[in-house]
Amino acid sequence: MSMTKPQRGFTLIELIIFIVVVSVGLAGILSVMNTVVKSSADPMVRKQAVAIAESLLEEILLKQYSNPTGGYSGTDRSKFDDVSDYAGYSTTAGIVDLVGTAIPGLTSYNISPPVTVIVSGDLTGVTSKKITVSVTGPGVSVSLSGYRANY
């Protein structure tokens, strides 16, 4: 009497079912990854626009409330000395530094619509100026407001 060892392995039907199940799972995972990768740049663009708006708003808020005696009243940003000098400031050819030099990598962002400066009494009756900075970029628009009070 000869003893044969039981054969081990998978049948052809089991292998086909395994391949089909793995293929369906892989297709699902890849479709989710495709969606995530397509939209992964959007938060970066929005974050960059917010950073630009915050930077300009901080620059404006650090200026004096009103024009000092003999102060500047022109359109050269590097000479702006008070909050109101920024009213109407905008860019159309990308973001520039304080002296007007274009910043590489930020040419698709603009300060638009122009900066607004409005005298307001919103802060518990204290006379203040409400500054609104808006930045547009590739498919994104961000608007930030801040107040500068006259103490």
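The values are calculated or read from the model by the stated rules, or taken from the named source; none is laboratory data. Note that this is a predicted model, so its numbers are computed, not measured. Positions of Cβ are backbone-derived with ideal geometry, glycine not excepted, and every protein chain shown enters the neighbour counts. To get the accessible areas, we keep the full protein, side chains included, count just its heavy atoms, and leave off ligands, DNA and RNA. Shrake-Rupley method; radii C 1.70, N 1.55, O 1.52, S 1.80 Å.
Sorting check: for 20-26, 103-109, which peptide has the highest mean count of neighbouring beta carbons within 10 Å, and how do the rest follow? Walk me through the intermediate numbers first.
Numbers: 20-26: 10.0, 103-109: 13.9.
Put in order of decreasing packing, that is 103-109, 20-26.
Principal-axis analysis of the Cα atoms of the chain puts helix 12-39 at an angle of about 0° to the longest axis. Close amide H contacts of Tyr109 (hydrogens built in the peptide plane, cut-off under 5 Å, sequence separation of 5 or more or a different chain): Ile95. GNM on the chain, alpha-carbon springs under 10 angstrom: the most fluctuating residue among Gly28, Gly137, Gly71 is Gly28.
Pairs of alpha-carbon atoms within less than 8 angstrom and 6+ residues apart define the contacts here; what relative contact order does the chain have, in percent?
Numbers: 207 pairs, mean separation 30.3, N = 151.
Result for the chain is 20 percent.
At 4 °C and 1.567 mPa s, grab the translational diffusion coefficient of the range 1-53 from Stokes-Einstein with a Kirkwood Rh over Cα pairs, rounded to a whole number in µm² per second.
Numbers: Rh = 15.8 Å.
For the chosen part, D equals 82 µm²/s.
With all projection directions averaged, the alpha carbon convex hull of the chain covers 17.6 nm².
Spatially close Lys pairs in the chain, defined by Cα atoms under 29 Å apart and a spacing of eight or more places or different chains, total 10.
Got a sec? What order do Thr132, Thr116 fall in by accessible area at 1.4 Å, biggest, i.e. largest, first? List each step's numbers first, then the result.
Numbers: Thr132 30, Thr116 60 Å².
My answer, sorted largest first, is Thr116, Thr132.
The angle between the Cα long axis of helix 41-61 and the main principal axis of the chain comes to about 20°, on a 0 to 90 degree scale. I'd like the distance between the alpha-carbon centres of the range 67-94 and the range 19-55, rounded to an integer number of Å. That distance is 41 Å.
For the range 85-139, calculate the relative contact order in percent as a whole number, restricting contacts to Cα pairs under 8 Å that are 6 or more residues apart. Worked out over the range 85-139, it gives 33 percent.
Length available on full extension from Ala149 to Met44: 0.36 nm per residue minus the Cα-Cα distance, which gives 34.5 nm.
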